[in-house]
Amino acid sequence: MPEKSGDGADNGGGTDADAGTGPDVEGGPRAASDAGTSVDPSVLHLSPAEREARGITDDEVREAFRAVLVRGTEAQKDLSGVTLPDLSLDRIALESVDRHPVDLSGATIEGLSLTHARVTLPFVLDGATIGSLRLTEAHVEASISCSNATVTGETDLFEARFDDDVTFDGATFEGPVDCDEATFRDDVRFDGTTFDDEVTFRAAECHGDSNHLEDNTTFSGATFRASVTFRETEFGFSMFDGITCDEAAVFQEATFTGDAEFRGAEFGADADFDEVRFEGDTAFTDAAFRGAATFRGGSFEGGARTLVDDATFAGTTFHDDVSFHRASFRYVTFAGAAFRGEAHFESATFDGDADFPDVTFAREVDFDETRFREDADFSGVAFDSRCVFRGCEFTGGANHLKDDVSFEDARFADDVDFHDAEISSANFRATAFGGTVDFSRCVVSERIDLEARGIDDDAFVDFTRGKIRSGRIVQPAEGWVRYDLTLASIGDVDLAAERTRDHRQLLDYFRFCRTEFDEFDGHTFDFSGHREYLDRNDWTVHAFDEPSTDTFDPDYALAMTPEVVETTYLKAKQSASEIGDMKTAGEFRVKRQRYSRRKSLEAARDPDAGVVTRAKNLGRAAENCFLGLTCGHGMRPMRIGTAFAIAPLFFAFPYTFGGPLFETQASGFYENLYFSYISYTTIGYGNIGPVGPLARFLAGSEAYLSTILAALLVYALVKRSEL
């Protein structure tokens with residue numbers, strides 16, 4: 001930063017003796033030693049033309065002004081409306097015999113310089129017009145009031161220190177303003193002030209320690225027509241409500257130790273609040289950011305008032321992109337805010353409740369790896385573009401009567417990503433989905449309520465490898481949503497339809513593919529409520545209703561191969577068995593065996609497999625087919641019982657009508673039937689025997705067959721008794 005100086009020689013003349021220069025303020029001569037007792041203060045009230053006519057020089061005017069400052073009475077210090085030349089009071093200590101203020105209200109001054117000066121008396125410059133104002137490294141111990149003043153040139157307060165109130169309400173600064181590293185120990189006011197040129201408050205300190213009942217620093221209604229920076233500035237309680245910044249506004253790394261209010265603020269260009277620390281309550285209510293806004297790494301700690309949100313952006317409008325990347329909040333509300341550009345909350349932390357009700361996100365919003373450690377409310381939010389909650393943590397707080405995160409009445413017009421999110425409990429009642437909703441690898445540790453409807457016909461919720469401990473998924477009257485539960489783990493989840501008559505097609509909209517149904521102890525999925533659907537659809541759970549739209553092209557984690565389907569029914573059977581629904585478990589067992597047979601047949605037809613391997617799989621398929629046909633894999637005892645009872649009847653026909661090869665000692669169909677049954681039951685009374693060679697073969701085969709069918713009957717009866 002360039003060196004600041006305020007040499008008297010550069011400010012309208014005056015000798016060294018007149019200026020009172022010295023090595024420093026404390027060591028230099030005092031203004032009282034410069035003021036001659038014979039100076040007439042009346043010259044200050046003369047117009048420049050009158051002074052010129054009388055031959056009064058500017059140096060004499062300055063001498064008279066110094067004398068009034070130090071030794072003037074209250075009346076003599078009333079210099080309102082005067083016109084003065086450039087006043088240089090650099091490097092002197094201004095001490096008066098009394099504490100009456102110097103009243104320069106409405107005055108016109110070519111310039112006022114107090115560089116390196118020490119000022120102990122108040123100044124009133126209300127309504128004054130000043131060419132330039134220079135207080136570089138000055139120490140001002142008394143108050144200064146410049147309300148409605150106009151500074152036509154530069155204002156330099158670099159490293160100045162103000163111990164009392166400083167007021168610039170309604171002032172106009174036509175030139176640049178430099179308050180870098182200035183210190184305001186009491187209240188400073190710029191309410192309604194207009195800054196026409198660049199303004200800098202870098203590393204300034206605005207404490208206001210003596211006033212705890214009002215705001216210490218106020219810029220209410222101020223207008224910044226050029227860029228303004230408060231980088232690394234320290235504020236106490238501050239008010240920026242209603243300010244207008246036409247160009248860039250920089251608050252980077254600033255610190256607000258008290259409340260900060262930006263209600264109704266208008267930022268016409270970029271606003272930089274990166275790494276700002278708000279230690280008190282912060283309000284940006286109804287503010288407007290027309291350029292990009294950044295709050296990266298910002299800290300919104302909040303004050304001690306628990307009934308007030310620590311930070312509020314309610315009703316705020318972000319017309320361009322905004323970033324809260326790695327920002328940290330306690331209790332914060334964005335109720336009714338509008339994000340018209342992209343919104344970035346990546347890796348942000350919300351230690352208190354986060355409220356986003358009725359917010360509008362017109363473009364993409366990213367909450368990637370954001371942590372919500374208390375309740376989060378997104379009810380009524382309109383997500384008009386893609387939305388990302390990937391890796392988010394919704395852990396919730398101590399309030400167990402509320403959902404940890406709520407998207408009730410929210411509308412997702414495009415894709416939304418909850419991949420790898422961790423959710424304690426969530427509410428998606430009356431939610432609308434317009435694209436693909438990615439819950440893959442999402443973990444719901446307590447409960448989720450999904451009563452979503454599809455905006456289009458291809459709304460799709462992907463729970464691949466997700467985990468849901470408990471909850472309820474309801475299909476609406478119109479706009480059903482498809483759910484992919486491939487490799488997912490679901491516990492006590494109730495699947496329902498809003499209209500009772502729609503229940504008959506409910507499971508068609510859920511893709512069960514190697515889904516785990518009994519991973520959570522005490523929370524096992526129950527198929528018993530869907531028996532009507534299952535019985536009508538041959539106990540099929542792996543079928544999935546694929547939409548006919550061209551835009552629907554999901555990338556499933558697993559294809560429905562016979563092996564995958566077999567495993568799916570195995571897991572479904574285990575779930576039904578665990579809750580004691582043996583009827584459903586048995587039917588799923590039958591379905592599993594059917595797809596096991598198909599798996600073996602596929603392996604037997606594989607040309608790349610070895611001959612032995614193909615033969616083994618063919619044998620397994622044949623065995624499986626036999627068990628299915630005879631006893632329904634143990635689930636059809638009536639079938640095997642009937643087969644056991646009537647099997648000898650079929651042998652009686654070749655015995656009777658087969659000719660010499662099937663000849664027996666019996667005559668007629670009835671005796672041959674009798675012979676067939678005693679051979680089948682291995683009774684063999686010996687009064688009738690086989691004669692032909694094939695008859696002897698069939699008689700032995702009947703005995704063997706009866707043994708097999710009897711075993712299958714017992715097996716089926718045992719399995720049936722378990723239901």
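The values are calculated or read from the model by the stated rules, or taken from the named source; none is laboratory data. This structure is a prediction, so every number in the text was calculated from the model and none was measured. Cβ sites come from the backbone with ideal geometry, for glycine too, and all protein chains shown count toward neighbours.
Tabulated data for the structure shown
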{"read-out": "Enumeration of residues in region 334-343 that are part of a strand (DSSP E or B) and buried (at least 23 other Cβ atoms within 10 Å of the Cβ)", "value": "F339, A343"}
{"read-out": "Tally of residues being of a type outside the set (A, V, I, L, M) and touching a His at 6+ places or on another chain (Cβ under 9 Å) across region 587-635", "value": "7"}
{"read-out": "Some residue of region 121-137 being touching a Leu at 6+ places or on another chain (Cβ under 7 Å), under 20 Å from V70 (Cα atoms), of a type in the set (V, I, T) and surrounded by fewer than 23 Cβ atoms within 10 Å (Cβ to Cβ)", "value": "no"}
{"read-out": "Checklist (1) crowded, with 20+ Cβ neighbours inside 10 Å; (2) modelled with pLDDT of 80 or more; (3) part of a loop (DSSP other than H, G, I, E, B) applied to S600, failing item", "value": "(3)"}
{"read-out": "2 or more residues in contact (Cβ under 8 Å) with a residue 12 or more places away in the chain and among the aliphatic types (A, V, I, L, M): qualifying helices (runs of 4 or more DSSP H) within region 628-723", "value": "637-657, 693-721"}
{"read-out": "Of all residues in region 346-394 being surrounded by 20 or more Cβ atoms within 10 Å (Cβ to Cβ) and aliphatic (A, V, I, L, M), the one that is nearest to S406 (Cα to Cα)", "value": "A376"}
{"read-out": "Among (1) part of a strand (DSSP E or B); (2) hydrophobic (A, V, I, L, M, F, W, C); (3) free of Cβ contacts under 8 Å to residues at least 60 places away in the same chain - the single one L87 does not satisfy", "value": "(3)"}
{"read-out": "Of all residues making up region 67-84, the number that are part of a loop (DSSP other than H, G, I, E, B), over 14 Å from S42 (Cβ atoms) and modelled with pLDDT under 90", "value": "1"}
{"read-out": "Residue among L121, L94 that alone is touching a residue at least 60 places away in the same chain (Cβ under 8 Å) and under 23 Å from A75 (Cα atoms)", "value": "L94"}
{"read-out": "Hits in region 363-395 - residues which are outside any strand (DSSP E or B), of a type outside the set (D, E) and more than 14 Å from V416 (Cα to Cα)", "value": "T370, R373, S379, G380, T395"}
{"read-out": "Test: residue in region 105-113 that is modelled with pLDDT of 95 or more, of a type in the set (V, I, T), crowded, with 23+ Cβ neighbours inside 10 Å and in contact with a Phe, Trp or Tyr (Cβ under 6 Å, 6 or more places away or on another chain)", "value": "no"}
{"read-out": "Count - residues of region 47-95 that are within 20 Å of A128 (Cα to Cα) and either surrounded by 17 or more Cβ atoms within 10 Å (Cβ to Cβ) or touching a helix residue (DSSP H, G or I) at 6+ places or on another chain (Cβ under 6 Å) (or both)", "value": "20"}
{"read-out": "Hey, F313 closer than 23 Å to D241 by Cβ, touching a Gly at 6+ places or on another chain (Cβ under 9 Å) and surrounded by 24 or more Cβ atoms within 10 Å (Cβ to Cβ) or not", "value": "no"}
{"read-out": "Test for A622: is it assigned to a helix (DSSP H, G or I), in the same structural domain as K583 (by TED's automatic domain parsing) and out of contact with any helix residue (DSSP H, G or I) (no Cβ under 6 Å at 6 or more places or on another chain)", "value": "yes"}
{"read-out": "Residue in region 418-439 that is surrounded by the most Cβ atoms within 10 Å (Cβ to Cβ), counting only those that are in contact with a Gly (Cβ under 6 Å, 6 or more places away or on another chain) and more than 14 Å from V493 (Cβ to Cβ)", "value": "F433"}
{"read-out": "Some residue of region 581-590 being part of a loop (DSSP other than H, G, I, E, B) and touching a Ser or Thr at 6+ places or on another chain (Cβ under 8 Å)", "value": "yes"}
{"read-out": "Only one of A572, A576 that is in contact (Cβ under 8 Å) with a residue 60 or more places away in the chain, closer than 28 Å to D462 by Cβ and either in contact with a helix residue (DSSP H, G or I) (Cβ under 7 Å, 6 or more places away or on another chain) or among the small types (G, A, S) (or both)", "value": "A572"}
{"read-out": "Residue within region 299-307 that is more than 26 Å from A430 (Cα to Cα), out of contact with any helix residue (DSSP H, G or I) (no Cβ under 8 Å at 6 or more places or on another chain) and buried (at least 24 other Cβ atoms within 10 Å of the Cβ) present", "value": "yes"}
